[in-house]
Each structure stands twice: as structure tokens, then as C-alpha cells.
Amino acid sequence: MKRRFLILFAIGAALLLFAGCGVAEVPEATDTPEPTGTPFAVEIAQVTLPPTATPAPTDTPEPTPSPTPTPKPLEGKIIGIDPGHQRKGNHDTEPQSPDSPIMKAKCSSGTRALGGAHEYEVNLEVALRLRALLEELGATVIMTRESHAVDISNIERALIFNAAGTDYALRLHCNGVDNTSRAGAFMLVPQTNPFLEDCQRAARLLIDAFCAKTGANNLGIVARDDQTGFNWCERMIINIEMGHMTNPEEGKLLSDLAYWDLMAVGLCEGILAYFEGAGL
Ligand SMILES: [Zn+2]
């Protein structure tokens, strides 16, 4: 019995020793959670990041101001440009107006600067520059021609504007006269037109803006009843004679690329003034 007790005691002591070892290691074990604690915190931080992404929905109010882009000033306006003449004139004839017995050439040849550009070239060069400027301002531009190798009569040019329902139609020309000292720009307007007052206001604004920009003499406005391009047109329409190619100085200017740019800017300003309601 005593021996048995001794054995039990020995086992108990041994257990206590092991247990002692075990207890001694406990502080070491409590140290280890510390390093694992930091990655765990990072994980938590990462998990909590997505909720902070919710401020993005609060950014959605920002897109709402974007639907208010300021509309371009000529948005929705249809503007017709007729660069007068073409490389080869067409001398077949057509009625000057729907109810007139008078017949006129379908498309005359136009004038030319002495030693410089042809009128049909200047008219198209300015027209193409003007189109670019007007389109930048939001306008829809209808051109009667975009090259010299065309055969379009004056009636056909007017009908293009009628079909397109243009809000503003402009015929671009340069003048040629025997008196070589005559220089300057002027307007032609129809004598009869459903929008006669608009034609007159547009002509005033255009010649003023054109001459202010280019420095050309302002020779005013002339009403004409003999222009096929006017008489067949049922839309508001005007014609500018941008200068005299028969004047040596002005003929040189009208053949100059930088002056084409300048003329286009002047015309664009005059058209813009019309749509802004100037002169009403
Ligand atoms: Zn002409």
C-alpha cells in the first residue's frame, strides 16, 4: 500500500514538473499573438476601406451640372453660303424670276484681279473659311458648291436654299468695273422677298462688321430686282460684293490668303450679330 502511494506521488510530482514547464511557456505564448495582431489589424483596415468608397455615390450630384453646357450661339441655325460663279461659266439661259420673260445666263464667268486670283476662287476660299467659323459656333452650313468643277445655275443655287429651309442665306461675290479707281465692299438685297426686313437688317450688320474687320470702304446697300439668285429664293437672302478686283490695290488684297481669313472673320461677326438680334 505504501509502495503504491509512493508510485502515485512520483507520478504526481512528475506531472507537476511538466505542468511547471507548461506554465513557464505560457508567457512566451502570450508574446506570439502580438506579431499576428498587426496583420490582422491591416486586414481589418483593408476591409473597412470599401465602405469609405461609398462617398463616390455622393459624387453623383456632380454629373448633374454637366447637362448644362452653354449652348453654342448658332446652334440649330441653318446658314446657306453660295460661293458665286464656278470655273467654267454656263451661258445657257434661264428665267430671271419665276414670272419673268427675261432670260439670263445660268452662271456668268465672274471677274478677275489683274495678275491675281479669279473671282470664283476668292468666293470659294472665303466661303470655306466662313463655313468652318460658323460650324464652330454650332451652325449647320449648306454650301451650294465646294469645288470649282461644278455646273450649278443661279436658279439651282436658290432652290438649294429653299429645300434646306435656310435661316440665313449669303451669296459671296467680288465686283469688277471699268473704273479701276473704284474700291470697297457693298451689299445687294432683293427688292421682293418674304423676309425683306430681315434681309435689310442682315445686310446692314454684315457690311458694317465686314468693313470694320477688313478696313474696306463701306459702299452701302443696293436693292436689286434683276438677280436670278434672289428672285427664285423664298428664304431670307443677301449678297456681298467683298471688294473690287478691278482696283489694283484691292485686287491684290482679294488674292491674298491672309485677307481671305480676315474677310471670313468679318462675315462671321456680321452673321453672329444678326442672330444675336442686333439692329432690331
Ligand atoms: Zn460675281
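Between residues in the stretch 238-258 that are over 14 Å from Phe210 (Cα atoms) and residues that are surrounded by fewer than 24 Cβ atoms within 10 Å (Cβ to Cβ) and among the basic types (Lys, Arg), which pairs lie under 7 Å by C-beta distance while being six or more apart or on different chains?
His244/Arg182; Met245/Arg112; Asn247/Arg182
Examine the stretch 85-105 for a residue that is within 18 Å of Gly243 (Cβ to Cβ) and of a type in the set (Asp, Glu), and state whether such a residue exists.
Scanning the stretch 85-105, I find no residue that is within 18 Å of Gly243 (Cβ to Cβ) and of a type in the set (Asp, Glu), so the answer is no.
Filter the helices (runs of 4 or more DSSP H) completely within the stretch 184-264 down to those with at least 1 residues that are surrounded by fewer than 16 Cβ atoms within 10 Å (Cβ to Cβ) and among the aliphatic types (A, V, I, L, M).
196-214
Out of (1) modelled with pLDDT of 95 or more; (2) more than 16 Å from the ligand (Cβ to nearest atom); (3) at negative phi, what's the single condition that is false for Ile152?
Of (1) modelled with pLDDT of 95 or more; (2) more than 16 Å from the ligand (Cβ to nearest atom); (3) at negative phi, only one is false for Ile152: (2).
Could you tell me whether any residue of the stretch 151-162 is surrounded by fewer than 19 Cβ atoms within 10 Å (Cβ to Cβ), touching a helix residue (DSSP H, G or I) at 6+ places or on another chain (Cβ under 8 Å) and either basic (Lys, Arg) or outside any loop (DSSP other than H, G, I, E, B) (or both)?
No; the residues of the stretch 151-162 include none that is surrounded by fewer than 19 Cβ atoms within 10 Å (Cβ to Cβ), touching a helix residue (DSSP H, G or I) at 6+ places or on another chain (Cβ under 8 Å) and either basic (Lys, Arg) or outside any loop (DSSP other than H, G, I, E, B) (or both).
For the stretch 166-182, which residues satisfy the criterion of being buried (at least 18 other Cβ atoms within 10 Å of the Cβ), within 16 Å of the ligand (Cβ to nearest atom) and assigned to a loop (DSSP other than H, G, I, E, B)?
The one that is buried (at least 18 other Cβ atoms within 10 Å of the Cβ), within 16 Å of the ligand (Cβ to nearest atom) and assigned to a loop (DSSP other than H, G, I, E, B): Gly176.
Determine which single condition Val189 fails, assuming it passes every other condition in (1) out of contact with any strand residue (DSSP E or B) (no Cβ under 6 Å at 6 or more places or on another chain); (2) closer than 26 Å to Lys106 by Cβ.
(1)
For the list (1) more than 14 Å from the ligand (Cβ to nearest atom); (2) in a helix (DSSP H, G or I), I need the number of the one condition that Glu94 fails.
The failed condition is (2).
Looking at Ser109, is it hydroxyl-bearing (Ser, Thr, Tyr) and at pLDDT below 95?
Yes: the conditions hold for Ser109.
Taking the condition of being touching a residue at least 40 places away in the same chain (Cβ under 8 Å) and outside any loop (DSSP other than H, G, I, E, B), how many residues in the stretch 103-127 meet it?
The qualifying residues number 11.
For residues that are of a type in the set (D, E, K, R), more than 11 Å from Ser153 (Cβ to Cβ) and surrounded by 15 or more Cβ atoms within 10 Å (Cβ to Cβ), tally how many sit in the stretch 72-109.
Result for the stretch 72-109: 3.
State the number of residues belonging to the stretch 265-280 that are among the charged types (D, E, K, R) and either part of a helix (DSSP H, G or I) or farther than 29 Å from Pro73 by Cβ (or both).
1
The values are calculated or read from the model by the stated rules, or taken from the named source; none is laboratory data. Since the structure is predicted, the reported quantities are computational estimates derived from the model, not experimental observations. With ideal geometry, Cβ positions are generated from the backbone for all residues, glycine too; neighbour counts draw on all protein chains shown.
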